[in-house]
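Student: Quick one: the structure is below, and I'll ask about it shortly.
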Amino acid sequence: MPVTIITGFLGSGKTTLLNQILQNKDKLKIAVLVNEFGDINIDEKLLISVDSDMIDLGNGCICCTINDGFVNTVYQVLEREEKVDYLVVETTGLADPLPIILTFLSTELKFLTRLDSIITVVDAAAFDAEHFDSDAALSQIRYGDLVLLNKIDLATKNKISELKAFIEDTKPGFRILESEYGQVPLPLILDIGLTQTDNYQTDISEFRRNKSAFNNHLETDGFNFVSFESDLPFQLEKLEHFLSEQLSSNVFRAKGILWFQESPSRHIFQLSGPRYDLQADDWTTQPKNELVFIGRNLDKSLIKQQLKDCLVDLVINKEFSLPNLPS
Ligand SMILES: Nc1nc2c(ncn2[C@@H]2O[C@H](COP(=O)(O)OP(=O)(O)OP(=O)(O)O)[C@@H](O)[C@H]2O)c(=O)[nH]1
């Protein structure tokens, strides 16, 4: 079974690319493994055509969380009655992809899978020479086989040229594609046979000798997260005030599913760097708020309190009642 690993920094557009792949996969049965930083898996909820049962292949897609049992999870995919044609693995934005690459190249998986390519998604507007002060961001470029320079709609021509020069310097001859919202023809990114196992021989020997040393590569570069859940809705104005006036500049990325007192819709919240947006769709479950904030040195209790303060005030809103829920 061919395998593609999608890596790239927080908010660069990995899940967006994955959705493009799932939308355009045609008859290909693609299994998807998503790996999230934080204890609430928002990505799973944002992936199209993912059944709430994560191991249900009914719609041609599996979504699981990678954990210690990663090899076992891949086995589960391989053992499915309905044959899977292709596996795509999305790493967290803070992961060094090397341990996952080596897992495919040096465990039993090497007899059962073929690592096709590692795609590094880069935010063309946000990526800079400091690489967000993150070793993982550099590693993602170093170990990629192909860079998808995404969000070109937000980047100037100069910025794009600078980035290309930087990437070319880091890894001469690197294949670079440009994209907006991850839109790129699938034959350019799937089954392209770019991963050269020979390049990893030293790492493979080292990995076999001492796997735990490589697990340390999955350190989080000093990033931490705050998650927040609530069965009460937010007040829109208060949350907007919090996001624009109070949110710590240490927050780098946030995402979530939001419920507002003022709206019967479910809102998908995405914050990446200085931008955030809210997109409405329909609830298919009991409404609730689920959010994750990712950044450096976050004051967890302050952020949680600030979010609590944005919730509907039941004493003032006596007339507030729960919306009609889907049965
Ligand atoms: N303007 C613009 N926005 C984009 C583009 N691609 C993705 N986005 C937006 O960027 C935000 C982050 O995209 P995701 O696909 O969730 O990024 P990710 O890499 O999966 O993020 P993490 O899960 O944090 O690692 C979302 O709001 C996307 O809609 C693009 O090409 N242009």
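Student: When both residues are 6+ apart or on different chains and their Cβ atoms are under 6 Å apart, which pairs have a first residue that lies in region 265-278 and is at positive phi, and a second that is more than 9 Å from the ligand (Cβ to nearest atom)?
Tutor: Listed by first residue and then by second, the contacts come to GLY273/ALA126.
Student: Within region 87-113, which residues are open to solvent by less than 10 Å² (accessible area, probe 1.4 Å) and either more than 22 Å from ASP191 (Cβ to Cβ) or among the hydrophobic types (A, V, I, L, M, F, W, C) (or both)?
Tutor: Listed by number, the residues that qualify are LEU87, VAL88, VAL89, GLY93, LEU94, ALA95, LEU98, PRO99, ILE101, LEU102, PHE104, LEU109.
Student: Would you please name the residue that is nearest to the ligand (Cβ to nearest atom), looking only at residues in region 272-297 that are open to solvent by less than 10 Å² (accessible area, probe 1.4 Å) and among the hydrophobic types (A, V, I, L, M, F, W, C)?
Tutor: Restricting to residues being open to solvent by less than 10 Å² (accessible area, probe 1.4 Å) and among the hydrophobic types (A, V, I, L, M, F, W, C), the top hit is ILE294.
Student: Still on this structure, please answer the following. Pairs needed: first member in region 17-33, open to solvent by less than 50 Å² (accessible area, probe 1.4 Å) and in a helix (DSSP H, G or I); second member anywhere, within 16 Å of the ligand (Cβ to nearest atom) and β-branched (Val, Ile, Thr); C-beta distance under 7 Å; at least 6 residues apart or different chains.
Tutor: As it stands, the answer is LEU17/ILE6; LEU17/VAL121; LEU18/ILE6; LEU18/VAL32; LEU18/VAL88; ASN19/ILE48; ILE21/VAL88; LEU22/ILE48, since those pairs meet every condition given.
Student: Out of the residues in region 114-129 that are at pLDDT 90 or above and either of a type in the set (Gly, Ala, Ser) or surrounded by fewer than 19 Cβ atoms within 10 Å (Cβ to Cβ) (or both), state the one that is farthest from the ligand (Cβ to nearest atom).
Tutor: Looking at the filtered set, the residue picked out is ARG114.
Student: Output yes when any residue across region 231-243 is surrounded by fewer than 12 Cβ atoms within 10 Å (Cβ to Cβ), more than 22 Å from the chain's Cα centre (by Cα) and closer than 30 Å to TYR86 by Cα, and no when none is.
Tutor: Checking region 231-243: not a single residue is surrounded by fewer than 12 Cβ atoms within 10 Å (Cβ to Cβ), more than 22 Å from the chain's Cα centre (by Cα) and closer than 30 Å to TYR86 by Cα.
Student: So is SER139 within 14 Å of the ligand (Cβ to nearest atom), buried (at least 17 other Cβ atoms within 10 Å of the Cβ), hydroxyl-bearing (Ser, Thr, Tyr) and assigned by TED's automatic domain parsing to the domain that holds ALA95 or not?
Tutor: Against the criterion (within 14 Å of the ligand (Cβ to nearest atom), buried (at least 17 other Cβ atoms within 10 Å of the Cβ), hydroxyl-bearing (Ser, Thr, Tyr) and assigned by TED's automatic domain parsing to the domain that holds ALA95), SER139 does not qualify.
Student: Can you spot a residue in region 164-182 that is in the same structural domain as ASP203 (by TED's automatic domain parsing), within 16 Å of the ligand (Cβ to nearest atom) and farther than 22 Å from ASN24 by Cα?
Tutor: The answer is no; no qualifying residue exists.
Student: Hey, another quick one. Give just the number: which of (1) over 17 Å from GLY11 (Cα atoms); (2) open to solvent by less than 80 Å² (accessible area, probe 1.4 Å) does PRO264 not satisfy?
Tutor: The one condition PRO264 does not meet is (2).
The values are calculated or read from the model by the stated rules, or taken from the named source; none is laboratory data. Fair warning: this is a prediction, and the values are worked out from it, not measured in the lab. We place every Cβ from the backbone using ideal geometry, glycine too, and count neighbours over all the protein chains shown. Please note that ligands, DNA and RNA were not included when accessible areas were found on the heavy atoms of the full protein model with its side chains. Shrake-Rupley method; radii C 1.70, N 1.55, O 1.52, S 1.80 Å.
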